[in-house]
1. Using a Gaussian network model of the chain whose springs link C-alpha atoms within less than 10 Å, name the residue from Gly94, Gly37, Gly60 with the highest mean-square fluctuation.
2. Counting only heavy atoms of the protein chains, get the accessible area per residue of the stretch 17-77 (1.4 Å probe) and round it to a whole Å² value.
3. Heads up, I need the accessible area for Arg77: 1.4 angstrom probe, whole protein in place, Å², nearest 10.
4. For the chain, what % of the accessible area comes from carbon and sulfur atoms, probe 1.4 Å?
5. How many Lys pairs in the chain lie less than 22 angstrom apart by Cα atoms, where the lysines are 8 or more positions apart or on different chains?
6. What 222 nm value per residue comes from the helices of the chain, counting each DSSP H run with n ≥ 4 as -39,500 (n - 2.57) and dividing by all residues, nearest 500 deg cm²/dmol?
7. In nanometres, what is the gap between the two model label sites at Lys101 and Ser48, each 7 Å from Cα along Cα-to-Cβ?
8. Just to verify a number: FRET efficiency for Thr35 and Ser61, C-beta to C-beta distance, R0 = 22 Å, to 0.05?
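The values are calculated or read from the model by the stated rules, or taken from the named source; none is laboratory data. This is a predicted model, so every value here is computed, not measured. In this analysis, Cβ positions are derived from the backbone assuming ideal geometry, glycine residues included, and neighbour counts consider all displayed protein chains. Heads up: the accessible areas ignore ligands, DNA and RNA and are worked out on the full protein's heavy atoms, side chains in. Shrake-Rupley method; radii C 1.70, N 1.55, O 1.52, S 1.80 Å.
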Amino acid sequence: MTQSTKLEIIGPYTPEHEGPFCTRDGKAVRLITRTDGSKEFPIVGFISEDKTPTAWDSVGSYFGDSQRAVRDLMNAREVSVPREFWINRYAGGGLSIYLSKEEAEKYKVCLIGTIHVRAVLPGEGND
């Protein structure tokens, strides 16, 4: 997964899906094994940047009770995310680029205007 892509859930975990995988709340999962964990929880992997492995049963259900609703294993696919940024134009000719609208709005001294830039993805706007 790159900065220009994100994971989209396409359904519950199935052994036939080759990946990628994520949790029900959308966090990326890197599987280590689908068969070599314990008898009850054969699927083992890491959620996002966790340093401790997590286990799931053979149908992708999370082993713990408290986080089950968000940590169940899901099949996913990578989808493109449009690049987006804001350019502030200042009196005197200065330009500044910001990665969020909120950040761009913080710097209004001598501001002439803000330009919002969003990449158009393939298939968008073909009306």
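1. Gly94
2. Accessible area per residue, the stretch 17-77: 59 Å².
3. The accessible area of Arg77 comes to roughly 120 Å².
4. Reported share for carbon and sulfur atoms: 52 percent.
5. Close lysine pairs under the 22 Å cut-off: 4.
6. -1000 deg cm²/dmol
7. 2.4
8. Efficiency for this residue pair is about 0.90.
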